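As structure tokens, the structure follows; a few thoughts come after it.
The values are calculated or read from the model by the stated rules, or taken from the named source; none is laboratory data. Predicted, not measured: the structure shown is a model, and the values here were computed from it. Cβ: placed from backbone, ideal geometry, glycine included. Neighbour counts: every protein chain shown. Heads up: the accessible areas ignore ligands, DNA and RNA and are worked out on the full protein's heavy atoms, side chains in. Shrake-Rupley method; radii C 1.70, N 1.55, O 1.52, S 1.80 Å.
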Amino acid sequence: MEGYGWLSNRRRRTTDGVVKTRLLGQPVTALCGPDAARFFYAEGNVHRHGAIPGPVQDTLLGRGGVQSLDGVDHRLRKAMFMSMLSGDGVGLLERLATEAWDAAVASWATRDRVVLFDEVARLLTRAVGPWAGLRPEEVDVDPFAADLVSMVDGFAAAGRRQWQARRARARREAWLTDVIVRARTTAPAPAGSALAAIAEHTDAVGDPLDARVAAVELLNVLRPTVAVCWFVTFAAHALHRWPEHRDRLRDDDPEYAEAFGHEVRRFYPFAPFVAARASRDLEWDKHRIPAGSLVLLDIYGQNHHPRLWPDPYGFAPGRFLERRVGPYELIPQGGGDPRTGHRCPGETLTVALLRALLPMLARLDYEMPDQDVSISLRRVPARPRSGMVLANIRTPPSGPPEGARTPAVESALTRIPVRTTLLSMEAVASVADLETLQVLAHPIRLRILAALRSPASAAVVARGIDQPRQKVNYHVKELERAGLVRRVGERRAGNLMESLYQAVAATFVVSPRVAWTDPRRVGALADQVALESLVATGERLQRAAAQLLDRAAFDGEQIASAAVEGRCGWPARRSARPS
């Protein structure tokens, strides 16, 4: 069995990179590369119905799920998934996962050794269950996590792993079918949850999903989330092989954490390829592809293609800091637009979870006992043979030092900073350009600015506004780039140094000039000094009123104020009349 190298080995023997072979007795055309991915995901070229082998449906995907649909049915079902797997829901799951990680680490510290793969599967199950709307009393975490892992682990296997996966899927589909029925009748799902969205979803003719199909789709949320344990375990393998990356990953730098996660998903093997059937007679690079024949896109081959990734078998997270990656280049979870095509809608969740958890993994203090960490490319899906055994785990320092106060938003004096720079904060600042306004307009950034009226770290602000620390750190960096916050010092938190930030002003107002993009307005202001003075006076009045409002709102001051409204003007110019 060639495993992940099956298509790559054959492609090397071709002159143009197109592989013609057979799979399960059927003719196959296998493609690779960004242009091939664009061809594969172009609407109308291929379809998924009938392309997914029965064993894969009975283990990994289930029957009747979104992966097997095309056309309008696929777009409607995909819209349901995108509504669940984007926006605020991502941040909530990220927070639940980091809390589950912290709780798990505390228990690991009491044990001689743990298998990281198994532990991460359990903590992700503990996080995604309530996030999806399952009642905690209904979820027995350990066996549920084992079943979700088994569905993934056995999809490409024969023998014992395959049958374990089949039994796991049958068991969980039956249970979740009952959950769906109860959500529709006696036990309504929590509002806004995945369970509610799936139970209430209707198809193109307005009918609800069959309860068994709805259970399949709920598993299509739960299973891929828990499968992130593969990538976290691969990340631990990468830190073991290339420890020089650990220090930078420890920092709360979401950009680097995301780049590290992307490199893990590119470098390590997971899905070998994706399959579809030609919807009509096609031609690719002078190769005829008959209607109905199988078309494969070589995921593993593309993620290791030397023309796309210099030094493809080197582990280099920095490559994702140096270039913008297109939707048809990095394709571990499919290519194209996830909103409309067949790219995995849960990829956003995967990236967010890795961005949150990998720095926590890098900060973990542990030892690696003797073990077999080899990864066989003949095993699909691959994983380190030992599951990455960690021993003598020490709980990393977190939270405030002993005796420190922990208000919702911490001032610079709450903990003694190691180094500070005293900078005055303006009472009111005016935003006068569109780019800065776009940065300012994000709802979370407005809450961060309010929290940073006094100096604080990103970690403290995250606790105060109940958002994941990594997300807040990212938004703080964006606000700093836009000149809306600035770094004012550092403080020690345990063994870590944290930066302190403060907003450049207590209040921000938007100048009307932001919307004046027509150069004729700018020219008119330059030509007519009195008119320009009138506009400037209006802006000063706006800032002064905002400053008075802050004094009333935050200082409790009773503002003596009065407003007088009047109108004045000159008669309109009249043209001279002939006598």
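From the list VAL181, VAL226, VAL213, the lone residue that is in contact with a helix residue (DSSP H, G or I) (Cβ under 7 Å, 6 or more places away or on another chain) and either without any contact (Cβ under 8 Å) to a residue 12 or more places away in the chain or crowded, with 17+ Cβ neighbours inside 10 Å (or both) is VAL226.
Residues that are farther than 13 Å from HIS262 by Cβ and of a type in the set (Phe, Trp, Tyr) were ranked within segment 300-320; the one that is farthest from the chain's Cα centre (by Cα) is TYR313. Of the residues making up segment 193-209, those that are modelled with pLDDT of 90 or more and either part of a helix (DSSP H, G or I) or in contact with a helix residue (DSSP H, G or I) (Cβ under 9 Å, 6 or more places away or on another chain) (or both) are SER193, ALA194, LEU195, ALA196, ALA197, ILE198, ALA199, GLU200, HIS201, THR202, PRO208, LEU209. Remark: pairs (first residue in segment 353-376, farther than 23 Å from PRO254 by Cβ and touching a residue at least 40 places away in the same chain (Cβ under 8 Å); second residue open to solvent by 50 Å² or more (accessible area, probe 1.4 Å) and part of a helix (DSSP H, G or I); Cβ separation under 9 Å; 6+ apart in sequence or on different chains) = MET368/HIS240; VAL373/HIS240; VAL373/ARG241.
Taking strands (runs of 3 or more DSSP E) as the structural unit, those lying wholly within segment 423-504 and holding at least 3 residues that are at pLDDT 85 or above and out of contact with any Gly (no Cβ under 8 Å at 6 or more places or on another chain) correspond to 485-493, 496-503.
When you check ALA562 against the structure, is it at pLDDT below 70, among the small types (Gly, Ala, Ser), out of contact with any helix residue (DSSP H, G or I) (no Cβ under 9 Å at 6 or more places or on another chain) and farther than 30 Å from LEU353 by Cβ, yes or no? Outline the logic, then answer.
Numbers: at pLDDT below 70: no; among the small types (Gly, Ala, Ser): yes; out of contact with any helix residue (DSSP H, G or I) (no Cβ under 9 Å at 6 or more places or on another chain): yes; farther than 30 Å from LEU353 by Cβ: yes.
So ALA562 fails the test.
For segment 149-174, how many residues are of a type in the set (A, V, I, L, M), open to solvent by less than 30 Å² (accessible area, probe 1.4 Å) and outside any helix (DSSP H, G or I)? Of the residues in segment 149-174, 1 are of a type in the set (A, V, I, L, M), open to solvent by less than 30 Å² (accessible area, probe 1.4 Å) and outside any helix (DSSP H, G or I). Checking each residue in segment 314-326 for being open to solvent by less than 50 Å² (accessible area, probe 1.4 Å), assigned to a loop (DSSP other than H, G, I, E, B) and among the hydrophobic types (A, V, I, L, M, F, W, C) picks out PHE315, ALA316, VAL325.
Among the residues in segment 191-201, are any within 17 Å of PRO136 (Cα to Cα), in contact with a Pro (Cβ under 8 Å, 6 or more places away or on another chain) and open to solvent by less than 60 Å² (accessible area, probe 1.4 Å)? The answer is yes, given that some residue of segment 191-201 is within 17 Å of PRO136 (Cα to Cα), in contact with a Pro (Cβ under 8 Å, 6 or more places away or on another chain) and open to solvent by less than 60 Å² (accessible area, probe 1.4 Å). The set of residues from segment 10-33 being surrounded by 13 or more Cβ atoms within 10 Å (Cβ to Cβ) and farther than 17 Å from ALA276 by Cβ comprises ARG10, ARG11, GLY17. Checking each residue in segment 246-266 for being open to solvent by 30 Å² or more (accessible area, probe 1.4 Å) and either part of a helix (DSSP H, G or I) or within 28 Å of GLY50 (Cα to Cα) (or both) picks out ARG246, ASP247, ARG248, ARG250, GLU255, GLU258, HIS262. Of all residues assigned to segment 17-24, at least one qualifies as being of a type in the set (Lys, Arg) and without any contact (Cβ under 8 Å) to a residue 60 or more places away in the chain. If VAL221 meets every condition in (1) open to solvent by 20 Å² or more (accessible area, probe 1.4 Å); (2) in contact (Cβ under 8 Å) with a residue 24 or more places away in the chain apart from one, which number is that one? Just one mismatch for VAL221, condition (1).
Let's see how each residue does on (1) part of a strand (DSSP E or B); (2) in contact with a Lys or Arg (Cβ under 8 Å, 6 or more places away or on another chain); (3) not acidic (Asp, Glu):
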{"residue": "ARG280", "(1), (2), (3)": "no, no, yes"}
{"residue": "ARG288", "(1), (2), (3)": "yes, no, yes"}
{"residue": "VAL295", "(1), (2), (3)": "yes, yes, yes"}
{"residue": "GLY301", "(1), (2), (3)": "no, yes, yes"}
{"residue": "PRO306", "(1), (2), (3)": "no, no, yes"}
{"residue": "PRO312", "(1), (2), (3)": "no, no, yes"}
{"residue": "TYR328", "(1), (2), (3)": "no, yes, yes"}
{"residue": "GLY336", "(1), (2), (3)": "no, yes, yes"}
{"residue": "THR340", "(1), (2), (3)": "no, yes, yes"}
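Do we have ARG363 as out of contact with any strand residue (DSSP E or B) (no Cβ under 6 Å at 6 or more places or on another chain), open to solvent by 50 Å² or more (accessible area, probe 1.4 Å) and on the phi < 0 side of the Ramachandran plot here? It is false that ARG363 is out of contact with any strand residue (DSSP E or B) (no Cβ under 6 Å at 6 or more places or on another chain), open to solvent by 50 Å² or more (accessible area, probe 1.4 Å) and on the phi < 0 side of the Ramachandran plot.
Give segment 434-449 a look and list any residue that's in contact (Cβ under 8 Å) with a residue 12 or more places away in the chain, within 15 Å of GLY464 (Cβ to Cβ) and either open to solvent by 20 Å² or more (accessible area, probe 1.4 Å) or within 21 Å of the chain's Cα centre (by Cα) (or both), or say none. Give the steps one after another, and end with the answer.
Taking segment 434-449 as the starting set, the residues that turn out to be in contact (Cβ under 8 Å) with a residue 12 or more places away in the chain are 434-437, 439-440, 442, 444-445, 447-449.
Okay, now just the ones that are also within 15 Å of GLY464 (Cβ to Cβ), so 444-445, 447-449.
Residues satisfying the conditions are ILE444, ARG445, ARG447, ILE448.
Can you tell me which of (1) charged (D, E, K, R); (2) buried (at least 17 other Cβ atoms within 10 Å of the Cβ); (3) modelled with pLDDT under 75 is the one ARG419 doesn't meet? Against the list (1) charged (D, E, K, R); (2) buried (at least 17 other Cβ atoms within 10 Å of the Cβ); (3) modelled with pLDDT under 75, ARG419 comes up short only on (2).
Working only within segment 25-48, note down all residues that are without any contact (Cβ under 8 Å) to a residue 60 or more places away in the chain and either under 22 Å from GLY334 (Cβ atoms) or part of a strand (DSSP E or B) (or both).
Let us first name the residues in segment 25-48 that are without any contact (Cβ under 8 Å) to a residue 60 or more places away in the chain, namely 25, 42.
Across segment 25-48, the qualifying residue is only ALA42.
Go through (1) open to solvent by 30 Å² or more (accessible area, probe 1.4 Å); (2) touching a strand residue (DSSP E or B) at 6+ places or on another chain (Cβ under 8 Å); (3) of a type in the set (Gly, Ala, Ser) one by one and return the number of the condition ALA36 breaks. Failed condition: (1). Restricting segment 239-275 to residues that are more than 25 Å from GLY5 (Cβ to Cβ), touching a Leu at 6+ places or on another chain (Cβ under 9 Å) and among the basic types (Lys, Arg), which is modelled with the lowest pLDDT? This residue is ARG250. Kindly indicate whether ALA236 is modelled with pLDDT of 95 or more, more than 26 Å from VAL351 (Cβ to Cβ), surrounded by 22 or more Cβ atoms within 10 Å (Cβ to Cβ) and touching a helix residue (DSSP H, G or I) at 6+ places or on another chain (Cβ under 7 Å). No. Only one of the numbered conditions (1) modelled with pLDDT of 95 or more; (2) open to solvent by less than 30 Å² (accessible area, probe 1.4 Å) is not met by GLU347, and that is (1).
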